[in-house]
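> Dropping a structure here in structure tokens format, bear with me for questions.
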Amino acid sequence: MPSPAPHGRALSTLRFRRLKKRSSPFPKKLFTKPPLPEYMRATIHKISTTLRYSTWDAAATELRALPLHWDSFTVNRILKTHPPMEKAWLFFHWAARLPGFKHDRFTYTTMLDIFGEAGRIPSMWHVFREMEDKGVTPDAATYTSVMHWLSAAGDLQGAVRAWEEMRERGCRPTLVSYTAFMKILFDHGRPKEAAGVYTEMLEVGLSPNCHTYTVLMEYLAGAGKFKAALKIMSEMQEAGIEPDKAACNILIQKCSKAGETSAMRQVLLYMKEHSIVLRRTVFMEALEALKLVNGSDHLLRENFIAVEHMLSGMINRYIELDAELISMVIQLSCANYKPSCVLMAFRYSLQVGKELDRSAYISLLGFFMRENALEMVLEIVHEMTKAGVSFGTYLVYLLIYRLGRARIHTYAESIFYSLPMDQNVVTYTALMDALFQAGEVDKGLELYSKMRKDISISSGTYEVLILGLEKYGRIDDAEFCRKEKMKFMRNKYPQKDVSPDEILCNYLFDGIS
């Protein structure tokens, strides 16, 4: 086990102590891995598909028929597509029997990885021993893989032994090895030992890369040390290394789980500035965390600048969002007055044909009614109708009543007639009121006549009728209706003869509770 940091210094004091490198008098050679030719990509994809969906006998027949030069690079590329474990192992042995072919440390390490990922640790060790028996020397990448999968299986001591064996055999750990071992120690609650590994890494002249910094930030954020994590995020940028998508997602996830919205805001703003998008699952966790701080309107508004950007990025990258996520975005955007985000999420739901939750539709209706965007209201009603969403009497009343007060009776009529299941004394009366508000007295009276034939009326209906007639100077007609109302009240009441819809209508339009 590596020794802890000297003089008992904590990880936070070791973070960025680096040894200065001597500059070379020669310019660095730029090495870029040549891209795989198009035909080879297609061939490898075809072989991987064959291994996935054919029996081994059928796959082997196809493999033998391929006009392909089988070298370790090609075999390794196929194994890295991660075909089913059993097929990968059969393919691995099939390749070993090819004339002139020999597995190297790359193909062995990839096969070892496949078993490790599947949790088949004995099989992983079998590959490792076979590798040695065949005279292939494990390198740092091989040992790093072994350490990682032993740790993932809960065998910390086995991972430590693999680290020590690597060094005893003269295999120098790489930056990847150091970083992987640090993470293993952090994950198993050994931060002091991890700090010692980090110190050693710096002393041998290796500088942290983005993944190394991410491992440090993940530990600190997981330990609740968000200020320290943000300090590393700042200092790594000063060192010329920008936090990547993986780092940002890890930090947001840690912030969400801890309810740490202040640090979350800073990371979200960084992501906005650098066009980095959250993974869908992390996005949902972040939204849930933000919901819990509704009392902090300022914080939510600032966060939603980044949330809107992330949503835009996910849409632009053709990342499919599920209806639950879109509904959450809409509700939170409506609650925090983010019109562009509301509209973007709604338009996206239409574009991909996602039906929203009823609560999301209602949030949209309320938002656009307050904005007086009445054409949008009509569009949302249409989408709700298509989706078979239940409206309910009170919601239909509110829509018609608000449209009536805006003197847009045509929209009110459109909603009323598109929802036959919600046509009752309340909604009839609301539409009659909307017609009177718009000066359509004759249409209002026609509706009243139809209403008397189809359903029961209420005292609230009479009240709307009387006020509408008086408003437009038809005093005699209003007086006649007032007498009719008194007669109706004497005959209709007591309350035991009144339906729930009539009670609601009376309450809404006549003040009778």
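> ASN316 versus (1) polar (S, T, N, Q); (2) modelled with pLDDT under 70; (3) over 26 Å from MET369 (Cα atoms): which is the lone unmet condition?
Unmet for ASN316, out of (1) polar (S, T, N, Q); (2) modelled with pLDDT under 70; (3) over 26 Å from MET369 (Cα atoms): (2).
> Something else now. Let me confirm something: among THR50, THR43, which residue is of a type in the set (Val, Ile, Thr), open to solvent by less than 30 Å² (accessible area, probe 1.4 Å), assigned to a helix (DSSP H, G or I) and at pLDDT below 95?
THR50
> Inside the stretch 59-68, can you point out the residues that are in contact with a helix residue (DSSP H, G or I) (Cβ under 8 Å, 6 or more places away or on another chain) and in a helix (DSSP H, G or I)? Even if it seems obvious, please write down each step before you answer.
So the first thing to find is which residues in the stretch 59-68 are in contact with a helix residue (DSSP H, G or I) (Cβ under 8 Å, 6 or more places away or on another chain), and the list is 59-60, 62-63, 66, 68.
Those that are in contact with a helix residue (DSSP H, G or I) (Cβ under 8 Å, 6 or more places away or on another chain) and in a helix (DSSP H, G or I): ALA59, ALA60, GLU62, LEU63.
> Could you tell me whether any residue of the stretch 203-211 is closer than 20 Å to ARG279 by Cα, open to solvent by 30 Å² or more (accessible area, probe 1.4 Å) and in contact with a helix residue (DSSP H, G or I) (Cβ under 9 Å, 6 or more places away or on another chain)?
yes
> Right, next: Of all the residues that make up the stretch 403-424, how many are open to solvent by 10 Å² or more (accessible area, probe 1.4 Å) and part of a helix (DSSP H, G or I)?
Of the residues in that region, 11 qualify.
> Taking the stretch 98-143 on its own, how many of its residues are closer than 17 Å to ASN76 by Cβ and among the charged types (D, E, K, R)?
Of the residues in the stretch 98-143, 8 are closer than 17 Å to ASN76 by Cβ and among the charged types (D, E, K, R).
So that you can scan it fast, the table gives a plain yes or no per residue for (1) in contact with a Leu (Cβ under 7 Å, 6 or more places away or on another chain); (2) open to solvent by less than 10 Å² (accessible area, probe 1.4 Å); (3) not small (Gly, Ala, Ser):
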residue	(1), (2), (3)
THR427	no, yes, yes
ALA430	no, yes, no
ALA434	yes, yes, no
VAL441	no, no, yes
LYS453	no, no, yes
SER456	no, no, no
GLY460	yes, yes, no
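> I've got another one for you. Taking helices (runs of 4 or more DSSP H) that do not extend beyond the stretch 171-247, which have at least 3 residues that are in contact (Cβ under 8 Å) with a residue 24 or more places away in the chain and of a type in the set (Gly, Ala, Ser)?
By residue number, 191-203.
> If you don't mind, another one. Please find, within the stretch 364-394, the residue that is most open to solvent (accessible area, probe 1.4 Å) out of those that are of a type in the set (Ser, Thr, Tyr) and part of a helix (DSSP H, G or I).
TYR394
One line per residue, one yes/no per condition, for (1) in a loop (DSSP other than H, G, I, E, B); (2) basic (Lys, Arg); (3) without any contact (Cβ under 8 Å) to a residue 60 or more places away in the chain:
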{"residue": "GLU446", "(1), (2), (3)": "no, no, yes"}
{"residue": "ARG452", "(1), (2), (3)": "no, yes, yes"}
{"residue": "SER456", "(1), (2), (3)": "yes, no, yes"}
{"residue": "ILE466", "(1), (2), (3)": "no, no, yes"}
{"residue": "GLY473", "(1), (2), (3)": "yes, no, yes"}
{"residue": "PHE480", "(1), (2), (3)": "no, no, yes"}
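> Follow-up. Could you figure out which of (1) open to solvent by 20 Å² or more (accessible area, probe 1.4 Å); (2) at pLDDT 95 or above; (3) of a type outside the set (Gly, Ala, Ser) isn't true of THR214?
Going through the list (1) open to solvent by 20 Å² or more (accessible area, probe 1.4 Å); (2) at pLDDT 95 or above; (3) of a type outside the set (Gly, Ala, Ser), THR214 breaks only (1).
> Within the stretch 319-344, work out how many residues are acidic (Asp, Glu) and either in contact with a Leu (Cβ under 6 Å, 6 or more places away or on another chain) or at pLDDT 85 or above (or both).
The number of residues fulfilling the criteria is 0.
> Output the residues belonging to the stretch 347-363 that are farther than 14 Å from GLU320 by Cα, open to solvent by 60 Å² or more (accessible area, probe 1.4 Å) and not in a helix (DSSP H, G or I).
ASP357
> Follow-up. Please work out which one of (1) among the hydroxyl-bearing types (Ser, Thr, Tyr); (2) open to solvent by 50 Å² or more (accessible area, probe 1.4 Å); (3) more than 25 Å from the chain's Cα centre (by Cα) is the condition TYR397 fails and give its number.
In the conditions (1) among the hydroxyl-bearing types (Ser, Thr, Tyr); (2) open to solvent by 50 Å² or more (accessible area, probe 1.4 Å); (3) more than 25 Å from the chain's Cα centre (by Cα), TYR397 misses (2) alone.
The values are calculated or read from the model by the stated rules, or taken from the named source; none is laboratory data. Predicted model, so just to flag it, every value in this text is computed and none were measured. Ideal geometry is used to build each Cβ from the backbone, glycine not excepted, and the neighbour counts take in all protein chains shown. Note: accessible area is taken over every heavy atom of the protein model, side chains too, but ligands, DNA and RNA are not part of it. Shrake-Rupley method; radii C 1.70, N 1.55, O 1.52, S 1.80 Å.
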